[in-house]
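Student: There's a structure below that I have some questions on.
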């Protein structure tokens, strides 16, 4: 038997895959929501990449409409197939989801980008205690007196500030900064809201201490058994 050639699909992800057959038990509307949720997550990743480009190029975004137009251009640049003069199916799907994205999401993205530029922050910065414990902060800056960490959330699930406190703590540890001697501000940008917190050293130092313990435990798994 000769098997069909699907080499063009290698390395790609299916909208509906037998690896996760939960959609088989869903109603048509539930299947639509299931597909939309996956594409919304994919669009969120793309928005972060686009926002990184905007922040690094110090290119402000004036409105949700401006953001939508710029994102549409970004999707075309990424997924347009020049030889065939068509937009790849991945790009068409993302444009569909972009068109349904609530206005307040795009407005929050604008605030995130413009604030990061205004505070002269650097986007997509890796902070690390070691090769076993690290993460990428969306935007960060330390001016010697204040450590500022911003995070952009494009999903609908409410985010918690604890994640940013960990980035703050790891940064303090990595750069040997006493969290009691500086000011801290962390922000989450999500769904039309900006959640702001100004943790003190009393909050950050215990997180630093716990992260060190966690890293030491992780190191145990690096040891070669006898």
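The values are calculated or read from the model by the stated rules, or taken from the named source; none is laboratory data. Small disclaimer: the values here were computed from a predicted structure and weren't measured. Note that we place each Cβ from the backbone using ideal geometry, even for glycine, and neighbour counts take in every protein chain shown.
So that you can scan it fast, the table gives a plain yes or no per residue for (1) outside the structural domain of residue 124 (by TED's automatic domain parsing); (2) exposed (fewer than 15 other Cβ atoms within 10 Å of the Cβ); (3) more than 23 Å from residue 136 (Cβ to Cβ); (4) touching a helix residue (DSSP H, G or I) at 6+ places or on another chain (Cβ under 6 Å):
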{"site": "30", "(1), (2), (3), (4)": "yes, yes, yes, no"}
{"site": "39", "(1), (2), (3), (4)": "yes, no, no, yes"}
{"site": "45", "(1), (2), (3), (4)": "yes, yes, no, no"}
{"site": "51", "(1), (2), (3), (4)": "yes, no, no, yes"}
{"site": "56", "(1), (2), (3), (4)": "yes, yes, no, no"}
{"site": "73", "(1), (2), (3), (4)": "yes, yes, yes, no"}
{"site": "76", "(1), (2), (3), (4)": "yes, yes, yes, no"}
{"site": "80", "(1), (2), (3), (4)": "yes, yes, yes, no"}
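Student: Which residues, taken from segment 111-132, are closer than 30 Å to residue 213 by Cα and surrounded by fewer than 18 Cβ atoms within 10 Å (Cβ to Cβ)?
Tutor: Correct list: 122, 124, 125, 126, 128, 130, 131, 132.
Student: Determine, yes or no, whether residue 152 is within 23 Å of residue 113 (Cβ to Cβ) and in a strand (DSSP E or B).
Tutor: Working: within 23 Å of residue 113 (Cβ to Cβ): yes; in a strand (DSSP E or B): yes.
When the stated conditions are applied, residue 152 passes them.
Student: With within 16 Å of the chain's Cα centre (by Cα) and under 29 Å from residue 215 (Cβ atoms) as the only criterion, which of 154, 136, 108 stands out? Walk me through it before giving the result.
Tutor: On the way: 154 fails: under 29 Å from residue 215 (Cβ atoms); 108 fails: under 29 Å from residue 215 (Cβ atoms).
None of the others qualify; the one that does is 136.
Student: Same structure again: Residues of segment 180-200 being touching a strand residue (DSSP E or B) at 6+ places or on another chain (Cβ under 8 Å), free of Cβ contacts under 8 Å to residues at least 24 places away in the same chain and either over 16 Å from residue 116 (Cα atoms) or part of a helix (DSSP H, G or I) (or both), which ones?
Tutor: 198, 200
Student: Of all residues in segment 90-110 being surrounded by 12 or more Cβ atoms within 10 Å (Cβ to Cβ) and out of contact with any helix residue (DSSP H, G or I) (no Cβ under 7 Å at 6 or more places or on another chain), which is nearest to residue 194 (Cα to Cα)? It would help to see each step written out before you state the result.
Tutor: As a first pass, look at segment 90-110 and keep what is surrounded by 12 or more Cβ atoms within 10 Å (Cβ to Cβ): 90-98, 101-110.
Retained after the next criterion (residues that are out of contact with any helix residue (DSSP H, G or I) (no Cβ under 7 Å at 6 or more places or on another chain)): 92, 96, 101-102, 104-105, 108.
Details: 92: 31, 96: 27, 101: 18, 102: 16, 104: 12, 105: 11, 108: 8 Å.
It comes out as 108.
Student: Might you check whether a residue that is in contact with a strand residue (DSSP E or B) (Cβ under 8 Å, 6 or more places away or on another chain), within 25 Å of residue 57 (Cα to Cα) and either assigned to a helix (DSSP H, G or I) or touching a residue at least 60 places away in the same chain (Cβ under 8 Å) (or both) occurs anywhere in segment 171-179?
Tutor: Scanning segment 171-179, I find at least one residue that is in contact with a strand residue (DSSP E or B) (Cβ under 8 Å, 6 or more places away or on another chain), within 25 Å of residue 57 (Cα to Cα) and either assigned to a helix (DSSP H, G or I) or touching a residue at least 60 places away in the same chain (Cβ under 8 Å) (or both), so the answer is yes.
Student: Which one of 129, 141, 161 is touching a strand residue (DSSP E or B) at 6+ places or on another chain (Cβ under 7 Å) and in contact (Cβ under 8 Å) with a residue 24 or more places away in the chain?
Tutor: Details: 129 fails: touching a strand residue (DSSP E or B) at 6+ places or on another chain (Cβ under 7 Å); 141 fails: in contact (Cβ under 8 Å) with a residue 24 or more places away in the chain.
Within the list 129, 141, 161, the selection yields 161.
Student: Okay, moving on. Residue 221 is checked against (1) touching a helix residue (DSSP H, G or I) at 6+ places or on another chain (Cβ under 8 Å); (2) over 27 Å from residue 47 (Cα atoms) and fails just one. What number does that condition carry?
Tutor: Single failed check for residue 221: (1).
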